[in-house]
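Everything below concerns the one structure shown next.
The values are calculated or read from the model by the stated rules, or taken from the named source; none is laboratory data. Here the structure is a predicted model, which means the values were calculated and not measured. Counting neighbours? That spans all protein chains shown, and the Cβs are built from the backbone with ideal geometry, glycine included.
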Amino acid sequence: MPARVELTRQIVQNGTEVLVLVGWKSGASRAVLAGTLALAGCSTTAPRSPAQTAGDRAVADSVYAALNADPTYFYRHVDVRVEDGVADLSGYVWSADALYQARQIARQVSGVTRVVTSHLELEREGHANGPAR
């Protein structure tokens with residue numbers, strides 16, 4: 001007897017769409033579909049509220065200000081994006097010391113929980129040498 005397939009879509013209170021399995025007879029089929037749906041469900045994130053976006057923007061502005069206040073290094077070519085407290089620095093710096101100092105400065109800003117510099121490039125004598133590690 002073939003397995004009965006019934007899949008319904010429900011919208012829960014916060015607006016997230018959920019797929020619900022009903023009436024599966026085959027345990028293997030149920031496990032495969034459940035795994036597939038779990039992966040599909042992980043690919044979407046809840047929409048960010050205006051307050052979260054404004055908070056991240058304020059933290060990013062604070063990181064910009066702290067970088068630009070540094071008397072030793074020039075950070076005008078560094079862009080900052082913050083999401084959920086994670087500061088992502090991109091652009092370029094002129095030395096490894098400047099890169100390490102940028103990380104340190106960003107870590108010290110209130111609201112920053114982690115700093116990512118994988119999009120920050122190290123340039124020497126005006127030539128790109130690839131992303132910093």
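Descriptive notes on the structure:
Yes/no per residue for (1) in the same structural domain as Leu122 (by TED's automatic domain parsing); (2) surrounded by fewer than 17 Cβ atoms within 10 Å (Cβ to Cβ); (3) on the phi < 0 side of the Ramachandran plot; (4) assigned to a loop (DSSP other than H, G, I, E, B):
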residue: Ala65; (1), (2), (3), (4): yes, yes, yes, no
residue: Tyr75; (1), (2), (3), (4): yes, no, yes, yes
residue: Ala87; (1), (2), (3), (4): yes, no, yes, no
residue: Asp97; (1), (2), (3), (4): yes, yes, yes, no
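- Long-range neighbours under 6 Å by Cβ, at least six apart or interchain, first residue loosely packed, with under 14 Cβ neighbours inside 10 Å within region 104-118, second assigned to a loop (DSSP other than H, G, I, E, B): Thr113/Gly85
- Arg81 vs. criteria modelled with pLDDT under 95 and either more than 18 Å from Leu120 (Cα to Cα) or charged (D, E, K, R) (or both): no
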